[in-house]
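Taking it in order: structure first as structure tokens, then the write-up.
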Amino acid sequence: MTPVLDIKGLTTEFRVKNGWHAAVRGIDLSVNANETLAVVGESGSGKSVTALSTLRLLPQTGARISRGEVGFGGRDLTKLSEREMSRIRGNDIAMIFQEPMTSLNPTMTVGDQIAEGLLIHRGMSRTEAAKEARRLLDEVRVPDPARRVNDYPHQFSGGMRQRAMIAIALACRPKLLLADEPTTALDVTVQAQVLSLLDDLKRDRGMAIVFITHNLGVVAQIADRVAVMYAGEIVETATCDTLFADPVHPYTEALLKAMPRVDRKAESLEPIPGSVPSISARPAGCVYAPRCNYVQPSCAAHPSLVPVGGNHEARCPVRADKGEAA
Amino acid sequence: MNGLQVRGLKKHFILGGGFLGGKTSRVRAVENMSFDVPEGASVGLVGESGCGKSTVSRAVLRLVEPDEGTVTFNGTDVRAASPAQMRKLRQKMQFIFQDPYSSLNTRRTIRQTLEEPLKVHRMGSPAERRERVEAILPEVGLPQEALDRYPHEFSGGQRQRIGIARALVLEPELVVADEPVSALDVSVQAQILRLLDDLRQRRTLSFLFVSHDLGVIRHFCDVTCVMYLGHLIEYGPTEEILDDPAHPYTMLLRESSPVPDPTSRIANAKMTGEIPSPANPPTGCPFHTRCPRATPECKEVMPKMKEIAPGRQVACHLY
């Protein structure tokens, strides 16, 4: 099966005080139809920059994609003109953001905002688009869609705003949905509803989803495959079940041990010492080495992502040598 | 009696009105809330946004004035205290804020920030104050060089350590912490939780700990109060509440909290509905609009807190 999105060797750099520094370094990611890939990492790991690079939504100055390609539908998105790109955004690839209130237009009704994409990309008439907007609101389980379609965003609750965002994103039946922390601002009961909605929509439409989050609990809920990012690199990738059952990279393992769990008693949490290095001060060898408990002399050389099992790769020479004995 | 006792706390906010004379509405933020924080204990307040947990934490210190009820700390009635008495009390009751970015003054060095509470409470000579400020830094895991730097030079986790140092410099007995780790990354969150653990043991502090994250609550709190729309709906030892929740809302909250284990995915998220607005709360039990086991009685009568096991109370007609 050819993947819907196939990112190869993507490097995105930002200008910091006259120097270019990589926020994302040599990322390889692919996601298939009817699959949810979770990209998990802490702040500064480059997970959002990866999504913004895919859609080329980075600022025009001070940021550049310096290497790599973003394969989508047989084309390399990094090579397209701005005009071609704007035909893809919101049409073949859609994105939803963390804060629904700041991403929605407060002066337009929710229905008009859903219809906007249909008018532009699908050339629908106003009546057709309005009808489709109502159907979409119903599909994302907003109660009483016929009335709600004429409401403004401020009349919606937080959970409903996020549903409206999802409806806007899905309007043109995208093949790929980029979701950047879509449930972080929501309460847990509403988060559970939105996660199950996204899962159902993926199944119904055979969509590919890239789900960006910092919450490993959410990852376990929704992902088919997981990529763990740290300081601009993917340090481990595996199927969801494998990653949680058998984490290989020391960072993945440490993250799991640092997370307070609701379902079992942990006598003491094990914090990770130090903090994520800033993009202008990334260490030369393994980026995680300064915070790692298992450092060896070999960590001074920059490690590459190597297979440690079926569909399971990790960027750690110390652990990879021992095979799966983690 | 030492420690904190809260009885029948109530706080409503009036929205709207003003000189333009718009429509006013009454937000029932906290209704009839009673709980204790015994000396040395850590009590968690948990609930979703708008449930009134932050208002309770602020009302305890009179950062917002409660409308009704009593708050007693070490035998002193906090609500009846004069401004002079209140200043004395606040020395023993300190606050840690959620956002380490907006709760520090960007134009003051860390030394100035940490000395300020000592000056306000007229404690010690300048030399003694300097000594105390310097002594507090290693306790929160910051180097001495930090003193003469400004907040923007620190990461989120370090700023939260500064916020904790500012609360501790007066040697309080009770610390009220409103979501102190919510703005932090997982790895840093664990660092701060461990620091608070250590401090709690070393200094025998009591904590009133507000959080929306049941995992954090489970880790840090001995006793937990679950709130919904301004009401206390369940109270008891944290582990018992999380392993065997009694109130249907606590069950929902527990089941909705994601667990880092793909084999225990949330089975039934079909639960619809969202929290009603506290400006227009439902009659009777506030949860009846979303409760799968609601009866006609629930629509009419607000259930009272009942003891269902030693130390465990729940407000639900099912019990």
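The values are calculated or read from the model by the stated rules, or taken from the named source; none is laboratory data. From a predicted model like this one, the values you see are computed outputs, not experimental measurements. Quick reminder, even Gly has a Cβ in these numbers, built from the backbone with ideal geometry, and neighbours come from all protein chains shown.
Going by what's in this entry, would residue A:320 be described as crowded, with 17+ Cβ neighbours inside 10 Å, away from chain B (no Cβ under 14 Å) and part of a helix (DSSP H, G or I)? So residue A:320 fits the description; yes.
Restricting attention to the range B:170-197, which residues are without any contact (Cβ under 8 Å) to a residue 60 or more places away in the chain and closer than 16 Å to residue B:222 by Cβ? Within the range B:170-197, B:193, B:196, B:197 qualify. Across the range B:203-217, a minimum of one residue is classified as over 19 Å from the mean Cα position of the chain (by Cα) and not in a strand (DSSP E or B). Among the residues examined, residue A:173 qualifies as surrounded by fewer than 22 Cβ atoms within 10 Å (Cβ to Cβ) and over 17 Å from the mean Cα position of the chain (by Cα).
For residue A:57, the conditions (1) free of Cβ contacts under 8 Å to residues at least 60 places away in the same chain; (2) not in a loop (DSSP other than H, G, I, E, B) are fulfilled apart from (2). For the range B:271-284, check the following and say yes or no: at least one residue is away from chain A (no Cβ under 14 Å), in contact with a Leu (Cβ under 9 Å, 6 or more places away or on another chain), under 23 Å from residue A:191 (Cβ atoms) and not aromatic (Phe, Trp, Tyr). Yes, some residue in the range B:271-284 is away from chain A (no Cβ under 14 Å), in contact with a Leu (Cβ under 9 Å, 6 or more places away or on another chain), under 23 Å from residue A:191 (Cβ atoms) and not aromatic (Phe, Trp, Tyr). Take the range B:13-53 and flag every residue that is surrounded by fewer than 20 Cβ atoms within 10 Å (Cβ to Cβ) and touching an Asp or Glu at 6+ places or on another chain (Cβ under 6 Å). The answer is B:41, B:49. When the range B:127-156 is limited to residues that are free of Cβ contacts under 8 Å to residues at least 40 places away in the same chain and small (Gly, Ala, Ser), the one that is nearest to residue A:272 (Cα to Cα) turns out to be B:155. Of the helices (runs of 4 or more DSSP H) entirely within the range A:143-229, those holding at least 2 residues that are within 8 Å of chain B (Cβ to nearest Cβ) occupy A:158-170, A:188-205, A:216-222. Checking each residue in the range B:216-266 for being free of Cβ contacts under 8 Å to residues at least 12 places away in the same chain and either more than 12 Å from chain A (Cβ to nearest Cβ) or within 17 Å of residue B:36 (Cβ to Cβ) (or both) picks out only B:244. The set of residues from the range A:256-279 being part of a loop (DSSP other than H, G, I, E, B), within 26 Å of residue A:241 (Cα to Cα) and at the interface with chain B (Cβ under 8 Å from one of its Cβ atoms) comprises A:259, A:260, A:261, A:262, A:263, A:265, A:266, A:268, A:269, A:270, A:271, A:272.
The set of residues from the range B:168-183 being crowded, with 24+ Cβ neighbours inside 10 Å and either within 11 Å of another protein chain (Cβ to nearest Cβ) or assigned to a helix (DSSP H, G or I) (or both) comprises just one member, B:181.
Here is a yes/no grid of residues against (1) touching a Lys or Arg at 6+ places or on another chain (Cβ under 8 Å); (2) at pLDDT 90 or above; (3) over 18 Å from residue A:233 (Cα atoms):
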position	(1), (2), (3)
A:267	no, no, yes
A:286	yes, yes, no
A:301	no, yes, no
A:305	yes, yes, no
A:312	no, yes, no
A:315	no, yes, no
A:321	no, no, yes
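Any idea which of (1) modelled with pLDDT of 95 or more; (2) closer than 30 Å to residue A:191 by Cα; (3) of a type outside the set (Val, Ile, Thr) is the one residue A:10 doesn't satisfy? Result: residue A:10 passes all but (2).
Matching residues to (1) within 21 Å of residue B:154 (Cβ to Cβ); (2) loosely packed, with under 12 Cβ neighbours inside 10 Å; (3) touching a Cys at 6+ places or on another chain (Cβ under 7 Å):
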{"position": "A:263", "(1), (2), (3)": "no, no, no"}
{"position": "A:269", "(1), (2), (3)": "no, no, no"}
{"position": "A:276", "(1), (2), (3)": "yes, no, no"}
{"position": "A:281", "(1), (2), (3)": "yes, yes, no"}
{"position": "A:284", "(1), (2), (3)": "no, yes, no"}
{"position": "A:293", "(1), (2), (3)": "no, yes, no"}
{"position": "A:299", "(1), (2), (3)": "no, no, yes"}
{"position": "A:304", "(1), (2), (3)": "no, yes, no"}
{"position": "A:307", "(1), (2), (3)": "no, yes, no"}
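None of B:263, B:295 is of a type in the set (S, T, N, Q), surrounded by fewer than 16 Cβ atoms within 10 Å (Cβ to Cβ) and either under 23 Å from residue B:7 (Cα atoms) or at pLDDT 90 or above (or both) except B:295. Determine, yes or no, whether residue B:133 is β-branched (Val, Ile, Thr) and within 20 Å of the chain's Cα centre (by Cα). Considered against the rule, which asks whether it is β-branched (Val, Ile, Thr) and within 20 Å of the chain's Cα centre (by Cα), residue B:133 comes out as no.
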